[in-house]
Amino acid sequence: MKKQFFQIIPIVLLTFLGVDSSAQRFISEIFTEVNVIENIVYGENATVLFQLATGGDATPEELMCDVYEPANDNLEKRPLVLVFHSGTFLPPVVNNQIIGSRKDSSVVEICNQLARRGFVAAAASYRLGWNPVAPSQPTRATSYIRALYRGIQDGRTAIRYFKKTEAEENNPFGIDESKIASLGIGTGGSIVLGMLGLDDYGELLNTTNPEAKFLLDLDQDGIPETPMVDTLYAGDVEGKRLAIAPETAQGFLQGDTLNYPNHVNYSSEFQVGINIGGTIGDISWLEDQTAPCIAIHSVDDPINPYNDFPLIFAILDPIINVQGSQKVGELQELNGINQKWKDFGFSDPITQLAITNSDKAEHNYYEGLLPYVQDPNSLGLDEGVAIDWWDPNAASPNQGMGTPWNMLQHPSGVSFHEAGLTLNENMSAEKARANIDTVMQFMIPRMMLQLELEIVLDTEDTLEEKLSLKFTPNPAHNYVVMESSGAPIEAIQIFDNSGRLILAHNDIHDKRHVIESIQVQLGVYIIKAQIGEQVVFKKMVFL
């Protein structure tokens, strides 16, 4: 009887030789079922959402998340991915959109896909509330940066909550607190970029694009001097300090508690960010950035600029100048934050697409940035990265009083469903999932490298048998070197998971053989090798 071989090997050294389906963890969806634990309270903090409407006090709000984990998974510690939704810091309907919560179709789909790959995913809500239609630009900018600041605090609170559960609560979600990623969509991406970069309050006061943009000129002497965000009433950038509004607080009632500390004994650090179509409050925040960001962003995004441009939401008047993924990628390249990915040398088709699209966007390719370049829809509009879908007949949430989306009137005069189609023409689950698949193919291998993930190998082959046939490099890109320590290699065939023959090399008759110029999609492939008179089937990952 063969012994069972069990080993954990870092992915950068991984050799997929004679492994079963567990070797596909993280790369492929190897789990068929996902357990979802809903409405977990990860903290509590003060929301101004209702204060904006009533002029009253800020009120305490439970901060909640839903956790997705692979069913029947026996791995004790798994990487955690926090997922933050879009929605312009207002709930659905109020934000003139169908999306804007942790129940958005894109969030649910991404979390399910991550869990089926072996990650733990947590879809987290955060505090909402700001005024995008305030009459003056300084007022809109003040309202926006305060909302973003609260979102950054909440994102860091969520990280600390999960670290606390591992340390104090017997790790109920089976996470590895040293392997945490934060992923944000739209507004959630802006939160993630802020979590990566804004680690010192002084960075709010000393912006560069442009200078002093988060300061107000209250005395109208032409020199901005008053911070739009003040730690006296907003709390520190991590949200670890109690903050109560003083007499001089701008727009808040004296004595109102505006920040509650949560899980203050734990670190807010995480290892990698993923931004899908978000922007950063000011690019200078990333100058001392330590963790890298993977970015996927439409070059002509009509809401969140790709380069350096004013943010525009509900009205055509600008809110504040922000920087998008092009500037983030450019700075990461300059500072070497993306060096690990560059050293790895990705050459898969999605990376080639990113290189091609960078050229179309008229800038160099920055490893870690996938520019979306697409034709405008029939209305002449760029759709951004369209990863959401909805049922037109479904009931709207409380803000829409349950009226179906195709009957609820939008401020533009059409239904919410029709308004949603302007930036998501021919909306469907198939369209959204196709775009999500592109995002995943670009994101997953880079995230794995940054998290230094490990692959579990579990087979019945002995170690001696495994070493009889060696593949390098592994994971492979566009070439593979195959070496046999026993009989000569006679023939090689490579099949995809559907059984389709990708390529074949016959009449080799050598113990070493190189296959070059392999162009395949990211995934796990079956290699059939004839070694002497024996036929051996192996699995291998191509990136």
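Below are the figures for this structure:
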quantity: q = 0.13, 0.18, 0.19 Å⁻¹: log10 I(q)/I(0) that the Debye formula gives for the stretch 64-170, counting C-alpha atoms only; calculated: -0.57, -0.91, -0.98
quantity: Sites Glu452 and Ser347, calculated FRET efficiency, Cβ-Cβ separation with R0 22 Å, nearest 0.05; calculated: 0.55
quantity: Listed residue (Val514, Ile99, Asn209) projecting farthest to the positive dipole end of the chain, Cβ model; calculated: Val514
quantity: Whichever aspartates and glutamates have a C-alpha closer than 14 Å to that of Lys360, once near sequence neighbours (fewer than 8 apart) are set aside; calculated: Asp300, Asp375
quantity: Reduced Cα scattering model of the stretch 487-543, Debye log10 I(q)/I(0), q = 0.14, 0.17, 0.20, 0.27 Å⁻¹; calculated: -0.36, -0.53, -0.73, -1.17
quantity: Pairwise Cα inverse-distance average, inverted: Kirkwood Rh of the chain (Å); calculated: 24.8 Å
quantity: Angstrom value of the Kirkwood radius, inverse mean 1/r, which spans all Cα pairs in the stretch 305-398; calculated: 16.0 Å
quantity: Interatomic Cα distance distribution for the stretch 80-140, bins of 5 angstrom, percent; calculated: 4, 19, 21, 19, 13, 10, 7, 4, 2, 1
quantity: Out-of-range pairs (alpha-carbon distance over 24 Å; input Lys511/Lys539; Lys164/Lys240; Lys163/Lys431); calculated: Lys163/Lys431
quantity: Near-label residues of the stretch 424-456 by backbone N, under 15 Å of a point 7 Å along Cα→Cβ of Asp375; calculated: 425-426
quantity: Nitroxide proxy distance, nm - points 7 Å out along Cα→Cβ at His505 and Gln220; calculated: 7.8 nm
quantity: Difference of contour (0.36 nm per residue) and Cα-Cα distance, Phe495 to Lys164; calculated: 114.7 nm
quantity: Stretchable slack from Thr472 to Gln534, in nm (0.36 nm times residue separation minus alpha-carbon distance); calculated: 20.2 nm
quantity: Percent breakdown of C-alpha pair distances by 5 Å bin, ordered from the shortest bin, for the stretch 293-347; calculated: 4, 19, 22, 20, 14, 10, 6, 4, 2
quantity: Val481, Val328, Val41, Val229 arranged by Cβ crowding within 10 Å, fewest neighbours leading; calculated: Val41, Val481, Val229, Val328
quantity: Footprinting exposure proxy for Met440, Met407, Met228 (fewest neighbouring C-beta atoms within 10 Å first); calculated: Met407, Met440, Met228
quantity: Paramagnetic reach from Glu516 in the stretch 472-503 [backbone N under 12 Å; point 7 Å along Cα→Cβ]; calculated: 479-480
quantity: Extension gain from Glu211 to Ser412, taking 0.36 nm per residue of separation minus the Cα-Cα distance; calculated: 68.8 nm
quantity: In range of the label at Val41: residues from the stretch 55-94 whose backbone nitrogen is under 14 Å from the point 7 Å along Cα→Cβ; calculated: 60-65
quantity: Taking all pairs of distinct alpha-carbon atoms in the stretch 232-326, Kirkwood radius in angstrom; calculated: 16.0 Å
quantity: Straight-distance crosslink candidates among lysines, where the alpha carbon sits under 19 Å from Lys342 and sequence neighbours closer than 8 are dropped; calculated: Lys327
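Since every read-out is calculated from the coordinates, none of them should be taken as a lab result. Being a predicted model, the structure only gives us computed values, none of them experimental. For neighbour counting, all protein chains shown are included, and Cβ atoms are generated from backbone atoms with ideal geometry for every residue, glycine included.
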